[in-house]
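This report refers to the structure that appears directly beneath it.
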Amino acid sequence: IKFNEDFRKLCEQNSCGSYNKNWMCPPAVGPIKELKERALGFKQGLLFQSVHPIASSLDWKGMLEGGVKHTKIFRKILECMENNYNFKEILPLNAGPCTYCAKCAYLSGEECQFPDKAVSSVEANGIDVMDLVKASGIPYNNGKNTVSYVALILFNS
């Protein structure tokens, strides 16, 4: 896994709109150095990508719908891993901000209501997604009028 602190700079530019609005996004999720150390403590992982059709490269609604579908797939895979395998620990990382709650408790200054369900993004952890998928033989770009999302579930047996 290649890490790059420049991804945190993208978060700080608030390109996705979740910076300082979510427990699982920067700055609340923690410093990249600590997140990197945590991730490197895992020996195995499941990397997967979902690809969704969109009307055009400007189809924001289609991109959002693809993200929702991806997160549903991610949650099902994670639930299967948690319920059917006896892993010592799991670190699930999805695409984009945590969306488990309709409104994150971070916005009202409260603690996370579901810390066992809250999930950070691959990028917020400083992981170079493009390098990771390419090194794994997965195409980063899946063609015209598609949007692709990547998740990584790290675990120790």
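Lys and Arg at +1, Asp and Glu at -1: add these up for the other residues within a Cβ distance under 10 Å of I54 and post the number.
On the way: positive: K61, K144; negative: D59, E65.
Once all neighbours under 10 Å are counted, the net charge is 0.
Residue separation times 0.36 nm, minus the C-alpha to C-alpha distance between K21 and N156: what's the value? Could the numbers behind the result be given before it?
Numbers: separation 135, 0.36 × 135 = 48.60 nm, distance 3.03 nm.
Extra length available between K21 and N156 comes to 45.6 nm.
Using modelled amide H (1.01 Å from N, peptide plane; none on Pro or chain starts), what sits under 5 Å from the amide H of S121, excluding residues fewer than 5 places away?
Residues meeting the criterion, in which the H sits 1.01 Å from N, are N94.
State whether the chain is rounded, prolate or oblate according to the following rule on the C-alpha gyration tensor (a ≥ b ≥ c being the square roots of its eigenvalues): a/c under 1.5 gives rounded; otherwise a/b larger than b/c gives prolate, and the remaining case gives oblate.
Note, shape of the chain comes out rounded.
Any idea which of V122, G67, S108 is furthest toward the positive side of the dipole for the range 6-156, if Lys and Arg beta-carbons carry +1 and Asp and Glu beta-carbons -1?
It is G67, whose Cα lies furthest towards the positive end.
What 222 nm value per residue comes from the helices of the chain, counting each DSSP H run with n ≥ 4 as -39,500 (n - 2.57) and dividing by all residues, nearest 500 deg cm²/dmol?
On the way: 4 runs with 48 residues, N = 157.
The per-residue figure over the chain is -9500 deg cm²/dmol.
With charges set only on the Cβ (+1 for Lys and Arg, -1 for Asp and Glu), what does the dipole of the chain come to about its Cα centre, in debye to the nearest 20?
Details: 18 positive and 16 negative charges, 62 e Å.
Around 300 debye, computed over the chain.
In a GNM of the chain with a 10 Å cut-off on Cα contacts, which of A105, A55, A39 has the highest mean-square fluctuation?
Answer for the Gaussian network model of the chain: A55.
Taking θ as phi - 60°, what are the ³J(HN,Hα) couplings along the range 124-131 by the Karplus curve (6.51, -1.76, 1.60), each to the nearest whole Hz, with x for Gly and Pro?
Result, rounded to whole Hz: 4, 8, x, 7, 7, 4, 4, 5.
Determine the sum of side-chain charges near F155: Lys and Arg each +1, Asp and Glu each -1, restricted to other residues whose C-beta is under 11 angstrom from that of F155. Intermediate values should be presented prior to the final figure.
Details: positive: K43, K88; negative: E82, E89.
After counting each charged neighbour, the total is 0.
Between W60 and C101, what length comes free when the chain is fully extended (0.36 nm per residue of separation minus the Cα-Cα distance, one decimal in nm)? If you can, show how the numbers build up before the last one.
Working: separation 41, 0.36 × 41 = 14.76 nm, distance 2.17 nm.
Length difference between fully extended and current span is 12.6 nm.
Give the order of Y140, Y19 when sorted by the count of other beta carbons within 10 angstrom, beginning with the fewest.
Going from least to most buried by this count: Y140, Y19.
Tell me, R75, R8 in order of fewest to most beta-carbon neighbours within 10 Å? Mind showing how you got there, number by number?
Values: R75 17, R8 20.
Fewest-to-most ranking of R75, R8: R75, R8.
Could you compute the net charge surrounding E5? Neighbours are other residues with a C-beta less than 15 Å from the C-beta of E5; K and R count +1, D and E count -1.
Numbers: positive: K2, R8, K9, K33, K36; negative: D6, E12, E34, E37, E123, D128, D131.
Around E5, the charge tally is -2.
Every number here is computed from the coordinates shown, using simple stated rules; none is lab data. Since this is a predicted model, take the numbers as computed values, not measurements. Positions of Cβ are backbone-derived with ideal geometry, glycine not excepted, and every protein chain shown enters the neighbour counts.
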